[in-house]
1. Has the range B:62-73 got at least one residue that is in a loop (DSSP other than H, G, I, E, B), over 30 Å from A:Ile362 (Cβ atoms) and either within 13 Å of another protein chain (Cβ to nearest Cβ) or under 17 Å from the mean Cα position of the chain (by Cα) (or both)?
2. Considering only residues that are of a type outside the set (A, V, I, L, M) and either more than 22 Å from B:Leu124 (Cα to Cα) or under 34 Å from the mean Cα position of the chain (by Cα) (or both), look in the range A:304-320 and name the one that is nearest to the other protein chains (Cβ to nearest Cβ).
3. Name the residue, out of A:Phe206, A:Phe243, that is crowded, with 19+ Cβ neighbours inside 10 Å, more than 29 Å from A:Val78 (Cβ to Cβ) and in contact (Cβ under 8 Å) with a residue 24 or more places away in the chain.
4. Mind checking which residues of the range A:798-825 are under 20 Å from A:His596 (Cβ atoms), among the polar types (S, T, N, Q), in contact (Cβ under 8 Å) with a residue 40 or more places away in the chain and surrounded by fewer than 20 Cβ atoms within 10 Å (Cβ to Cβ)?
5. Listed residues A:Ala640, A:Ala629, A:Ala722, A:Ala619; which is more than 34 Å from the chain's Cα centre (by Cα) and buried (at least 21 other Cβ atoms within 10 Å of the Cβ)?
6. Quick check on my filter: what residues within the range A:449-464 are in a loop (DSSP other than H, G, I, E, B), touching a strand residue (DSSP E or B) at 6+ places or on another chain (Cβ under 7 Å) and either free of Cβ contacts under 8 Å to residues at least 40 places away in the same chain or within 27 Å of A:Ser140 (Cα to Cα) (or both)?
7. What number of residues in the range B:1-33 are more than 11 Å from the chain's Cα centre (by Cα), crowded, with 16+ Cβ neighbours inside 10 Å and either at pLDDT 90 or above or among the small types (Gly, Ala, Ser) (or both)?
8. Looking at the range A:34-68, which of its residues are at pLDDT 90 or above and in a helix (DSSP H, G or I)?
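The values are calculated or read from the model by the stated rules, or taken from the named source; none is laboratory data. These numbers come from a predicted model, not from an experiment. Backbone-built Cβ (ideal geometry, glycine too); neighbour counts: all protein chains shown.
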Amino acid sequence: MSASEEQIGLAAENLPARAQIVVVGSGAGGATTAATLAGEGYDVVLVEEGPNVDTATIDSNSVDAIERLYRNGGMTPVLGNQSIAYVEGRCVGGSTEINSGFWHRLPPDCYHRWRTDFLLEDFGPERMEPYFERGERDLSVSLLGREREPQSSGVFRRGIEKLGWGYVEVPRCQKDPSASAFSAGAKQSMRQTYVPKAIASGARLFAGVSVKRVLHDQGRALGIEVSTNGNGHRHTIRADAVFVCGGAIQTPALLRRSGVKRNVGNNLCIHPMIKAAALFEEDMAAHASPLPMYQVKEFWPTITIGGSVFTPGFLAMILSDNWERNRAMMQQWDRMALYYAGTRGMSRGSIRGIPGDNGVLIRYDMTEADQRNLSVGLARLGELLFAAGAKAVFPSVRGIPVLHSVEQCRALARNYIPTSLMNLSTVHAFSSCPMGENPDFCATDSHGRVHGFSNLYVNDASLIPDSPGVNPQGTTMAIAMRNSENFVENTRRAAARRVVHPHPEILITGAPGWLGTRLVELLSSERGASGWLGRSLLAGKRVRCLVHPTADPQHIDRHAEKVEFCVGDVADPDSLRQFFQGAEGALLFHGAGIIHPRLWTRELERVNVTGTRQVLDAAMAAGIRRVVAVSSNSPFGNNAAPDEVFTEDSPYHPYMSYGRSKREMERLVQQAQASGRIETVIIRPPWFYGPHQPPRQTLFFRMIKEGRFPILGNGEQRRSMAYVDNICQGMVLAATVAEASGRAYWIADERPYPIHEIVATVEEVLEEELGIRPPAKRLTLPSAVGDFATAVDGILQFAGVYNQKVHVLGEMNKTIACSIARAQAELGYQPEFSLREGMRAAVRWCVENGQQI
Amino acid sequence: MKLGHLSEAQEVVLSKIAALVIDGSSTAGMDDAVQRYVTRFVALQVENIPAYLRLPYLLAITGFQWLPLLRWGRPFTHLPEKAQRDYLKLWSDGPVGVTRDFVRLIRGCALLAYFDHPQTRLALEPGRGVEDAGRDLPRVAVR
């Protein structure tokens, strides 16, 4: 599937004004994304900043290639306590045009670690297997075999075997495995494979087009603004979805330039490496041999040792750190070969755009562990090379021109080399926009969609949550395939669900949320035939859910026969009109709302107040019979004393911005009731827990498990809590009991619990369910810490800023308790789950759904 | 001169440094075509440095050229060859990391371009003895 320069790519002046999908970058992530989506029939525009060079005809390690194919001519510096040279491609095909074409599958330990640390969902060896297989097939991944090993690899292998270390032959993306590393067209790069595949499926490729920024508005990507490298003309391409696939450096730089900054560019991981030349007695002919074959796995994942590409120029560069001493060695270039020792970097770097330029500032501070690992790695490499018969080893370390013995090498492992003396480089960068559901670290969800956006995706090495310890091309491609297919599935599903039934009987806003998902699940479940749900006669009814464009309805998707989606936003009257279409006489559960905004408190006003107003207006216009609106305890603030409880007659005393927004929401609901055009019931649940809980609630379990959950004061302050099924019962009863119209109800578990009882209950459940015994000593802090957090929270919110941790900590020394007496008396509400039963069910749900406690 | 691009004078400085690094001499030795190729490559690499580092780097080239005025009363390019070598050594092996990095970049690029130049590669081909190669690489390979 070779493609010449003439065959692929379109002139930049033909840039279209719109496309269904824009893919930025044509490397391992971008080309794979474009090929997958174009293959599914999408109209794809693929833009690449670099030139469209027929790499099949040039030596990718030549000076000519360095000028034409490498970003910054191969001079991308990573700054920090020691500068590191980062090398990446900038051409059609990206870094796959200049790398060694090695192929690794993701090491098994990464799956578990990423699921645990980053709450990465839908990700496991079985899930990824087909994608790795597909990549291996398409890129002709194969082994060279010992019978064809080049001399430099042969001596390397003999050295490893002499020492008894573990090693592997690394497969390569190469059609003719015996061909030279520099043979025209042998390496199966993206320009040879997935780029032509994308074009054959109808994708349009534009090279020499630099993307200035992603255009977006209110969580929706609108397209990209580009400039053509030839004439600098600005141009806008509108798109239904944008995939940013510029690699681990350029992707976060572009997103940050575009104002998308949350967890973007803060978590850069690299594999720093140090090289060395070795002099042997026999002729190595390294310049004419294929790429090195073997990697030492004995010290993996901390240290990797292998062979490196050889040219006389590269040899001179390695020797250049001690050039005066070593220049004479160039005479013996044909008896020399190059090797490296690399490490899985322990630090985390950052990427920042430079104002007024498309420039990027990359920072990465080497840790002491990195210094130690590289020193030990170099020592082991030297040991290996001497075992292989090397006469001398020349490390790229200033002040250490040559090593003559194993003992000298071992000394490096004992007395670590200062990193300032090492000449370091890296070709592996990733993790700058990690994917997963952990809100503290992740820039995108588990499928690459940027958090807070409905149609902006990242799909390249940036997503890899942390260092895999191997060349990331295979992992990048497999993830890109999975995410692209997930996009296709979701888009098609959403499109299919837009076809609404003429007469829905139940409408739910905020359905993909925690409470809404559980409500849908209960209404659709077998349980519907009995108990309170059976008596309500709501089970099995036709349900229509309003799904926010950024939400993933995967959990309610399994109830496909009875549930339909309508993509929209409570703040968007147009989508609400569609949502309420044909719903006259139906019941509405209004659960859409924001509890913890990402940053700005104004979001609370937009969704909780404006959204509710629009929902009520649209519901009344559509002739909805009754709306059950979900409020909160926050409009009532805190109890004055630990033994006091709120009743439905308690006065409003809103707590912070959220409380004010919910009080305003209740006021709007009461106005609607007073208008006589609709029946309303307000439900006030306190802190709730249970199936479909978000990661922040699982974090609560984890903190208790690790003894880190802070108990402020004596822990006697009480909290009403509500298992999610108990709330659903309250909502269903509120919707069906005729006398409830115009009333408000507290819905919670049977009684409030002191904080220390909540913690103790969770500790016991964790031990019973998971066999985990939390530390005996709990984290107790003075009650004043809560008061201080409340003060800080107040100041921040006064400035319009919301910080979830500060806010929650501020509530921890307060009593927030309510009485459910009225709900029991008027609705017949009987909470089915106690705290212990509820927590047990919640823990089980977490375990079954991959939320690591 | 365009901002961020090398002036002719700066290219001359780079050329002299490259020749000194490769050849040990700034006045004799290398084939003109090879020297032009090496200089062009080094200059391109310097111009390819990200802008926020390029401007300081260009200033450093100018500083490198004119600082010898303080000691020798002449700029670097007009110094005798031995003084040029000593001065370059002061920058490349001195105690200041920034000056070492300054030379390191030029040295690395110059060596890469030189040893991967087709003419040099040809001279290095197997089958040609070191002595043969030495005739083509008189001041590098057989010093």
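1. No, because not a single residue in the range B:62-73 is in a loop (DSSP other than H, G, I, E, B), over 30 Å from A:Ile362 (Cβ atoms) and either within 13 Å of another protein chain (Cβ to nearest Cβ) or under 17 Å from the mean Cα position of the chain (by Cα) (or both).
2. Filtering first and then ranking leaves A:Ser308.
3. A:Phe206
4. A:Gln804, the sole residue that qualifies.
5. Of the residues listed, the single one that is more than 34 Å from the chain's Cα centre (by Cα) and buried (at least 21 other Cβ atoms within 10 Å of the Cβ) is A:Ala619.
6. Listed by number, the residues that qualify are A:Asn459, A:Ile464.
7. The number of residues fulfilling the criteria is 2.
8. A:Ala34, A:Ala35, A:Thr36, A:Leu37, A:Ala38, A:Gly39
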